1. Inside the stretch A:443-457, can you point out the residues that are aromatic (Phe, Trp, Tyr) and buried (at least 20 other Cβ atoms within 10 Å of the Cβ)?
2. With the stretch A:643-724 as the region, which helices (runs of 4 or more DSSP H) entirely inside it contain at least 3 residues that are within 14 Å of another protein chain (Cβ to nearest Cβ) and among the small types (Gly, Ala, Ser)?
3. Could you look through the stretch A:79-129, keep only residues that are among the small types (Gly, Ala, Ser) and closer than 22 Å to A:Thr538 by Cα, and pick out the one that is surrounded by the fewest Cβ atoms within 10 Å (Cβ to Cβ)?
4. Mind telling me which of the residues A:Gly76, A:Gly70 ends up being surrounded by 24 or more Cβ atoms within 10 Å (Cβ to Cβ), in contact with a Pro (Cβ under 7 Å, 6 or more places away or on another chain) and at positive phi?
5. On the basis of being hydroxyl-bearing (Ser, Thr, Tyr), without any contact (Cβ under 8 Å) to a residue 12 or more places away in the chain and either within 11 Å of another protein chain (Cβ to nearest Cβ) or closer than 26 Å to B:Val103 by Cα (or both), does B:Tyr84 make the cut?
6. Could you list, in sequence order, the residues of the stretch B:90-134 that are more than 30 Å from B:Ala70 (Cα to Cα) and of a type in the set (Val, Ile, Thr)?
7. Of the residues that make up the stretch A:445-453, is at least one part of a loop (DSSP other than H, G, I, E, B), in contact with a Phe, Trp or Tyr (Cβ under 9 Å, 6 or more places away or on another chain) and among the hydroxyl-bearing types (Ser, Thr, Tyr)?
8. Quick one: would you say B:Met38 is more than 8 Å from chain A (Cβ to nearest Cβ), within 26 Å of B:Pro6 (Cβ to Cβ) and either surrounded by fewer than 16 Cβ atoms within 10 Å (Cβ to Cβ) or not acidic (Asp, Glu) (or both)?
Amino acid sequence: MRTTQRLWWGLGLLLVCSFGVLLFMGTEIHRLAPPMPERVVTESGEVVYTRADIEQGRVVWQSIGGHQLGSIWGHGALVAPDWSADWLHRELIAWLDLRAMAVHGKAYADLSVGDRAKLEAELRPLVRANTFANGEIVISAQRAQAIASVAAHIDSLFGTGLDTARLRESYAMKDATVDTPEHRRQLAAFFFWTSWAASTARPDSLASYTNNWPYEPLAGNEPTTSEFMWTVFSVLFMIAGIGLLGWHYAVYHGKDRAPAPPATDPLLSLKITPSMAATQKYFWVVMALFLVQILLGATTAHYQVEGQELYGLKLAEVLPYSLTRSWHTQLAVLWIATAWLGTGLYIAPAISGYEPPLQRLGVNFLFLCLLIIVVGAFAGQWFAVMQKLGLAHNFWFGHQGWEYVDIGRFWQIFLFVGLMLWLVLMGRALWPALRQRDEMASIVGLLFLSTVAIGLFYGAGLMWGEHTHLSMVEYWRWWVVHLWVEGFFEVFAVAVMSFLFVKLGLVRARSATVAVLFATVVFLSGGVLGTFHHLYFTGTTTAVVALGASFSALEVVPLAFIGIEAYETYTHSQATPWMARYRWPIMFFIAVSFWNLVGAGLFGFLINTPLALYYMQGLNLTPLHGHTALFGVYGMLGIGLMLFCLRGLRPDAVWNGGLLKTSFWTLNIGLSLMALLTLLPIGLLQLSAALENGYWYARSAEFMGRPIIEVLVWMRVPGDTIFSIGAVALALFVAGLWLRRGEPQSLAITATS
Amino acid sequence: MIEYYPIVKQVHIASVIASGALFAMRGAAGLAGQHWPMSAPLRYLSYSIDSVLLTAALMLMTMLHVYPIAHDWLTVKLALLVLYIVLGSLAMKRAREWRQRFVSYSVALVVYLLMAGIARAHHPLGWLRWWGWA
């Protein structure tokens, strides 16, 4: 059996096994999810909350942006508290106060250390006791009182209470975030239930339903034994994986001699078909979305220092934090995806040399659909967050609240249909190349398969309904987000870059095929089951912790050798004088490797292991990974691919190398400064606060309002400004390709190209 | 946050002085036919100082709740800042003839001083107000 065939079989087996385990664990998560009670009642039978209250409360939470304002079980925005942790701490303090008054006749805070410790020790087993039976959670009258006091706080905070006005500003919440008292009561019911699941021990277990997350000493929520053990094991697995891959590289890597590069650029003879030409507008939209995304990002960051205003402008009244953040995160995915969609549609006919009938019409129709989706989905989110849509239509047309997949279900389906249309357009253009049995077949097949996976796996985002259990929503949500960014996007990135180098005649097709297949196997070995590292604390069991820790540590293994890939990419750029034409696409590809190591590898592994994530989830260390990995890797790749396509689309246009140089360096320096001056130091300070006082404190207004934190937030300005200059320079470059006319440069090799 | 007001103000003033002094020096040397003012290290130094200046300015705005449009003096100062940037660009790079560069450079310095006066007086008339014009 040839190496290629062996690798295809290996990949097939790996995918069958990995997805088999992933699906099986899905059924386990479903079976063992925290129970949803029909009623929460006191010992005397008084009903505190009903199931309908909790479920409707979740809909209310989703309508205000869900994950985009604070977080639940650690998933969501870093501004405003984690509502589960916040509720838990407030309820415990209220409960302790009630007991202190009853026993000692004074407030808990006024007790001696010994009396406080005694009360806490007495309270802990009461909190952890699992009183769920026959569809009811039974609580004491005293706990019901404590719940009522926290619910009153929620009513004030999400309404217009004067006592919580300062807190609303700290949390970047607009006044009357939730419109009616009844909705605020239901919202409190939902927060209570997430907090109850976080502190109540599973039957026959010492750990809570969320594996003792969040860290809350008052509730006895501390890291579990398995979290310690699997953290250690995961590091060992990673070291073993790096060792094995190192051995493989030493034995097999670099044995094939590179082919002699062609005398001229093979792509110069590329004929631009009507559908290829039609993709140019995709790249204009990429630039527009990128600029808007940056603007929204700056506004979102500013809300950390002025929670309701933007330099005196009362922006929160029309564009509150949860909306700017929703659009900022959505646009990140949308502009990168648009760049990739455009690239796919551009290179498919280029690969096969075949322009299917009505292909241009399809490309234009898809473009129109994408515009309608962006405008329609964002408008729906605005109406939802401004509480003008009503809860009945929120799920379908408003804001689903699930980070990265939070557009209304109607728009999700529309987007999925759009992605299927993209696959059809790609497939029919690639079909002649896919049918050939030459040495390019495998790499074309892999490229197509990765695009099929990207399209199809968005479908996982349609697997939950309006009232599906929170644990299952998280399970399916991470199918989309994780399997995209840490699975198929990686495969697409490797396949598309290798493919381009093959087309340029710099790499043999066979070597590239073997390398891409092997990389795919390595990436997906950790990538598929690594999904579980997002689910450690979302109402899952120890098995999820074990699998997530072990396999997500393996995701780091290929990144340890990314320097080799970067060096090879650089070598290709030096292989022949005409490669100077592709200098800047190549530079962006090298940046992809750099940020893959730093953003995905270092900052990703920083928060990856169970023990680390236990304390770090939802702190600034999460966006540290998010920004450097999502923009650093996929944003840079999107830009590199766009430049590659523009080279072909505008062969006669003057390339302003100065603008590209400015753009490249300022984007990279800006991103580095954002990470090093703000996200990393704040994240480390928060980590210290969480370790010393409990997770709730690291997210509290008290801690986040400290002057040093605000100064560090301000330190984003230099980095963000430099980054923005890079984006503007790139936009000017793209615009210049159409606006500036000069001598044809398709054959010229200049210092600025 | 207001605890940091004195130090942020000092950083702002220091970077204003550094930015202006560097521009004055580079502009004068450029007019004298020197090439070093456009060298990469000096350009990057200039960008760095201006980034610090911008950050400190935004922090002061937020701390003191003083905003353009709402406060005339700041509106005028920002309008002059735009003019200063355009003139600076002409003086250092874009103007083709020496005479154009000289005029741009000179007017830029005057604008810089006007901005300093407005900032000191917290009044759109700046130095003129100090000298009893309003």
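The values are calculated or read from the model by the stated rules, or taken from the named source; none is laboratory data. Owing to the predicted nature of the structure, the values given are computational and were not obtained by experimental measurement. Cβ sites come from the backbone with ideal geometry, for glycine too, and all protein chains shown count toward neighbours.
1. Filtering the stretch A:443-457 down to residues aromatic (Phe, Trp, Tyr) leaves A:448, A:457.
Residue satisfying the conditions is A:Phe448 alone.
2. Numbers: elements: A:657-673, A:680-693, A:695-698, A:701-704, A:707-714.
Because the criterion is at least 3 residues that are within 14 Å of another protein chain (Cβ to nearest Cβ) and among the small types (Gly, Ala, Ser), the helices (runs of 4 or more DSSP H) in the stretch A:643-724 that meet it are A:657-673.
3. Of the residues in the stretch A:79-129, the ones among the small types (Gly, Ala, Ser) are A:80, A:84-85, A:94, A:100, A:102, A:105, A:107, A:109, A:112, A:114, A:117, A:121, A:129.
Next, from what is left, pick out any that are closer than 22 Å to A:Thr538 by Cα: A:80, A:84-85, A:129.
Details: A:Ala80: 27, A:Ser84: 31, A:Ala85: 33, A:Ala129: 12.
Only one residue tops the list, namely A:Ala129.
4. Numbers: A:Gly76 fails: in contact with a Pro (Cβ under 7 Å, 6 or more places away or on another chain).
Within the list A:Gly76, A:Gly70, the selection yields A:Gly70.
5. Values: hydroxyl-bearing (Ser, Thr, Tyr): yes; without any contact (Cβ under 8 Å) to a residue 12 or more places away in the chain: no; either within 11 Å of another protein chain (Cβ to nearest Cβ) or closer than 26 Å to B:Val103 by Cα (or both): yes.
In short, no.
6. Scanning the stretch B:90-134 gives a single hit, B:Val103.
7. Restricting attention to the stretch A:445-453, the residues satisfying the condition of being part of a loop (DSSP other than H, G, I, E, B) are none.
No, that holds for no residue.
8. Values: more than 8 Å from chain A (Cβ to nearest Cβ): yes; within 26 Å of B:Pro6 (Cβ to Cβ): no; either surrounded by fewer than 16 Cβ atoms within 10 Å (Cβ to Cβ) or not acidic (Asp, Glu) (or both): yes.
No: the conditions fail for B:Met38.
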